[in-house]
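Asks: Once you've had a glance at the structure underneath, I'll fire off some questions.
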Amino acid sequence: MPRNVSLYLAAEVAPGDVAALAGDGLEVHTSGRLAAGTPGIDEAAAVLGTMPLTRVRVELLRARGYEWRLAEFVLAAAQRWTLVVRDAAERVVSVAEFERRLAGRHSDFFVPDDWLSPDPSTRREASSTTVDVLFPASFDEAAALDVARSLGARIRPDDVTEAELSRSGRYVWLYLREARLQTDVYKVAEYRSALGEPPYRSVRMQVLEGSAELAVAFVEALGARTALLVQGPWGQLMTLGDLRLRVSNGAHDPFCP
């Protein structure tokens with residue numbers, strides 16, 4: 001799922017001023033007159049030393065260069081207004097702590113240190129994208145696991161995971177389940193066009209950040225055995241051809257828009 005970053009400002013700032021500073025590269029959502037119970041407001045007040053008057057929310061996307069652009073906006077905003085940052089883990093940090101992250105990392109500026117654990121099992125929930133691969137129910141679980149096994153996967157490495165793909169520090173975890181279908185009439189038509197009549201099954205992939213290439217390899221191998229449709233983290237649907245096109249166009253994360 002997409003994650004958000006919020007800035008809490010001690011001053012009351014007009015949305016137009018924030019948008020002008022952000023420029024065209026970021027879509028910012030500015031709220032004033034913050035009500036009690038606004039997510040993160042009490043934590044922000046504790047770090048700021050005063051109750052914040054403005055919240056600026058920005059979606060943290062995985063497009064190439066986006067994180068750097070967002071970091072530049074945070075630093076520029078901090079030069080104009082007193083603020084704190086609520087990161088992707090919903091933890092509020094000072095500007096000084098944010099600058100420490102920038103100085104010590106090449107990426108992952110908006111996550112706390114413990115999300116960067118070298119242990120992949122620790123990072124599974126913290127830093128992964130969820131993608132569903134749908135296929136006709138006639139293609140059974142054993143066949144799907146055979147595909148994973150052909151790529152060197154560990155089968156049932158724990159009580160909840162059907163398979164774990166790993167390669168050079170990259171990880172994809174696989175879970176077999178009934179397909180979660182969207183009910184929009186156009187989505188239903190896409191399901192039937194690509195997969196035929198229901199029922200369908202799916203493999204849910206948790207793709208560790210930086211592991212999209214390994215996930216694509218699994219989808220390609222599965223697509224050689226059965227019809228499929230990829231349902232991305234925002235609910236967008238892609239055929240195997242769509243996915244290949246995104247890869248060939250150099251998408252930073254082919255599973256995300």
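Asks: Can you tell me which residues in segment 69-91 are part of a helix (DSSP H, G or I) and either in contact (Cβ under 8 Å) with a residue 12 or more places away in the chain or of a type in the set (Lys, Arg) (or both)?
Replies: Arg69, Leu70, Ala71, Phe73, Val74, Leu75, Ala76, Ala77, Ala78, Arg80
Asks: Taking segment 230-257 only, how many residues are outside any loop (DSSP other than H, G, I, E, B) and within 15 Å of the chain's Cα centre (by Cα)?
Replies: The initial filter retains those residues of segment 230-257 that are outside any loop (DSSP other than H, G, I, E, B), namely 230-231, 237-238, 240-248.
If we keep only those that are within 15 Å of the chain's Cα centre (by Cα) as well, we get 231.
Counting residues in segment 230-257 that are outside any loop (DSSP other than H, G, I, E, B) and within 15 Å of the chain's Cα centre (by Cα) gives 1.
Asks: Let me ask something else about it. Among the residues of segment 43-64, is any closer than 29 Å to Arg246 by Cα, buried (at least 19 other Cβ atoms within 10 Å of the Cβ) and touching a residue at least 60 places away in the same chain (Cβ under 8 Å)?
Replies: No: segment 43-64 contains no residue that is closer than 29 Å to Arg246 by Cα, buried (at least 19 other Cβ atoms within 10 Å of the Cβ) and touching a residue at least 60 places away in the same chain (Cβ under 8 Å).
Asks: Right, next: Examine segment 146-154 for a residue that is out of contact with any Gly (no Cβ under 9 Å at 6 or more places or on another chain), at pLDDT below 85 and surrounded by 13 or more Cβ atoms within 10 Å (Cβ to Cβ), and state whether such a residue exists.
Replies: The answer is no, given that none of the residues of segment 146-154 is out of contact with any Gly (no Cβ under 9 Å at 6 or more places or on another chain), at pLDDT below 85 and surrounded by 13 or more Cβ atoms within 10 Å (Cβ to Cβ).
Asks: Look through segment 190-226, keep the residues that are surrounded by fewer than 17 Cβ atoms within 10 Å (Cβ to Cβ) and of a type in the set (A, V, I, L, M, F, W, C), and return whichever of them is farthest from the chain's Cα centre (by Cα).
Replies: Residue satisfying both the conditions and the ranking: Ala224.
Asks: Scan Arg177, Arg149 and give me the residue that is part of a strand (DSSP E or B) and closer than 30 Å to Trp115 by Cα.
Replies: Arg177
Asks: Let me ask something else about it. Is it the case that segment 30-48 has a residue that's in a helix (DSSP H, G or I) and within 17 Å of Arg3 (Cα to Cα)? Give the derivation first.
Replies: First pass over segment 30-48, keeping only residues in a helix (DSSP H, G or I): 41-48.
Of the ones still in play, those that are also within 17 Å of Arg3 (Cα to Cα) are none.
The answer is no, given that none of the residues of segment 30-48 is in a helix (DSSP H, G or I) and within 17 Å of Arg3 (Cα to Cα).
Asks: Kindly indicate whether any position in segment 215-225 is at pLDDT 90 or above, over 19 Å from Ala143 (Cα atoms) and either in the same structural domain as Phe139 (by TED's automatic domain parsing) or in contact with a Pro (Cβ under 8 Å, 6 or more places away or on another chain) (or both).
Replies: Looking only at segment 215-225, we keep the residues that are at pLDDT 90 or above, and these are 215-225.
From what's left, over 19 Å from Ala143 (Cα atoms): none.
No, every residue in segment 215-225 fails to be at pLDDT 90 or above, over 19 Å from Ala143 (Cα atoms) and either in the same structural domain as Phe139 (by TED's automatic domain parsing) or in contact with a Pro (Cβ under 8 Å, 6 or more places away or on another chain) (or both).
The values are calculated or read from the model by the stated rules, or taken from the named source; none is laboratory data. From a predicted model like this one, the values you see are computed outputs, not experimental measurements. A quick note on method: Cβ atoms are made from the backbone with ideal geometry, for glycine too, and the neighbour counts reach across all protein chains shown.
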